[in-house]
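Note sheet for the following structure.
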Amino acid sequence: MKVSVIVTTYNRPDALMKVLNGLCFQTLIPDEVIVADDGSDPETQKYIHIFQADAPPYPLIHVWHENKGFRLAKIRNRAIKKTNGEYIIMLDGDCIPEKHFIEDHHYLAEKGFFFQGKRVLIDRQLSTEFTYKTANALSIKYVFSKNISNAHHLIRLPFFPAYSSTKLNGIRGCNMGFFKKDIFAVNGYNENFTGWGREDSELAVRLYKYGLKRKEQPFKAICFHLWHKTNDRKELVKNNLLLKKAIESNNYECVNGLLQK
């Protein structure tokens with residue numbers, strides 16, 4: 001099964017390079033990586049070109065659109081259209097993958113489900129020097145570190161049973177996996193979402209209505225979320241209404257998505 005990884009970014013090339021490096025040192029190398037760039041300045045493109053020149057072990061594609069505010073749903077859809085893989089993993093550009101990340105997603109992928117991965121939160125102090133090497137050197141002694149939250153996910157338990165649900169709490173777009181045919185079936189992300197918040201939950205609502213369940217395994221497919229300032233939430237009220245509309249609707253396809261209805 002071919003795996004495509006979509007890495008979202010906006011004006012944070014230092015963190016993006018850490019993520020792309022982390023994808024170079026996986027136990028299973030992805031078949032392609034697509035950077036979904038929500039309008040970054042030219043510096044990000046410069047960093048990507050330098051990275052491409054070093055011949056990473058996977059094809060690297062940069063998808064960009066003009067900066068017209070937070071349009072994460074739209075740039076994700078543009079990146080999805082570029083994928084060649086049967087399975088798509090969504091990863092944020094400030095979330096460094098643990099070395100088994102792709103292998104775990106591949107193993108846990110199952111027809112009839114989308115996968116919701118977990119994240120370990122790295123605080124401001126530790127984030128500056130944190131790299132894929134740090135991520136793969138952390139041990140159980142860090143579970144009680146003051147610089148790390150959600151540290152229980154550091155304990156890798158490959159044989160811990162996965163479980164399923166149809167709940168909405170805990171949906172995190174920074175670490176999700178789904179089959180390409182499923183994301184096209186619901187017409188991708190709803191591009192009516194602008195500004196931070198709820199586009200991932202709304203997608204999950206429609207995937208549930210389509211007939212999928214959510215699959216989780218809290219001790220595999222882990223990423224390390226580097227600290228950043230809190231996003232502007234001025235459009236959250238509007239986005240909450242869009243989410244409410246999806247919950248109350250019988251439709252699983254959005255109108256303004258991958259394909260314009």
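Coordinate-derived values only; no laboratory data. Everything quoted here is computed from the prediction, not taken from an experiment. Methodologically, a virtual Cβ is constructed for each residue, glycine included, from the backbone with ideal geometry; neighbour enumeration extends over all protein chains shown.
Ignoring lysines fewer than eight residues from Lys46 along the same chain, the ones with Cα atoms less than 25 angstrom from its Cα are Lys18, Lys68, Lys74, Lys81, Lys82, Lys133, Lys229.
List the GluC sites (Glu not before Pro) within the range 113-208 that DSSP assigns to loop and that have no more than 15 neighbouring Cβ atoms inside 10 Å. Please report the intermediate quantities before stating the final value.
Numbers: sites: Glu129, Glu191, Glu199, Glu202; in loops: Glu129, Glu191.
Passing both the DSSP loop test and the Cβ count: Glu129.
The mean sequence distance of close C-alpha pairs (under 8 Å, at least 6 residues apart), as a share of the length of the chain, puts its relative contact order at 24 percent.
Among 14-23, 97-106, 221-230, 40-49, sorting by the average number of other beta carbon atoms lying within 10 angstrom of each residue, highest first, gives 97-106, 14-23, 221-230, 40-49.
Given a Förster distance of 22 angstrom, what is the FRET efficiency for His49 paired with Glu129, based on the Cβ-Cβ distance and rounded to 0.05?
On the way: r = 25 Å, r/R0 = 1.14.
FRET efficiency, His49 to Glu129: 0.30.
Look at where the Cα atoms of the range 1-34 and of the range 153-203 average out, and the two centres are 18 Å apart. Taking the Cα centre of each part, how many Å lie between the range 205-261 and the range 58-90? Cα centroid to Cα centroid, the span is 16 Å. The 3J(HN,Hα) values that the Karplus relation (6.51, -1.76, 1.60; θ = phi - 60°) gives for the range 34-48 are, in residue order, 10, 8, 9, 9, 7, x, 5, 5, x, 4, 5, 4, 4, 4, 5 Hz. Gly and Pro appear as x. Here the Karplus curve 6.51 cos²θ - 1.76 cosθ + 1.60, taken at θ = phi - 60°, turns the phi angles of the range 52-60 into couplings of 4, 5, 7, 6, x, x, 9, x, 10 Hz, with x standing for Gly and Pro. Just so you know, the Cα atoms of the range 33-101 work out to an Rg and Dmax of 12.5, 36 Å.
Let me know the whole percent of all Cα-Cα pairs from the chain that are separated by more than 32 Å. Don't skip to the answer; put the middle values down first.
Working: 5690 of 33930 pairs.
Value for the chain: 17 percent of Cα pairs lie more than 32 Å apart.
Would you kindly state how much longer the chain becomes between His152 and Leu28 on full extension, computed as 0.36 nm times their sequence separation minus their alpha carbon distance, in nm to one decimal? Please report the intermediate quantities before stating the final value.
Values: separation 124, 0.36 × 124 = 44.64 nm, distance 2.37 nm.
Residue separation times 0.36 nm, minus the Cα-Cα distance, leaves 42.3 nm.
Set the bar at 24 Å for Cα to Cα. Now go through Lys209/Lys234; Lys209/Lys245; Lys2/Lys245; Lys213/Lys245 and name every pair that lies beyond it. Present the calculation step by step, with values, prior to reporting the outcome.
Working: Lys209/Lys234 29 Å; Lys209/Lys245 13 Å; Lys2/Lys245 34 Å; Lys213/Lys245 20 Å.
Distance filter (> 24 Å) returns Lys209/Lys234; Lys2/Lys245.
Taking a point 7 Å from the Cα of Val237 along the Cα-to-Cβ direction, none of the residues of the range 55-71 has its backbone N closer than 18 Å to it.
Could you please rank Asp31, Asp92, placing first whichever residue has the fewest other Cβ atoms within 10 Å of its Cβ?
Details: Asp31 18, Asp92 26.
By the 10 Å Cβ count, ascending, the order reads Asp31, Asp92.
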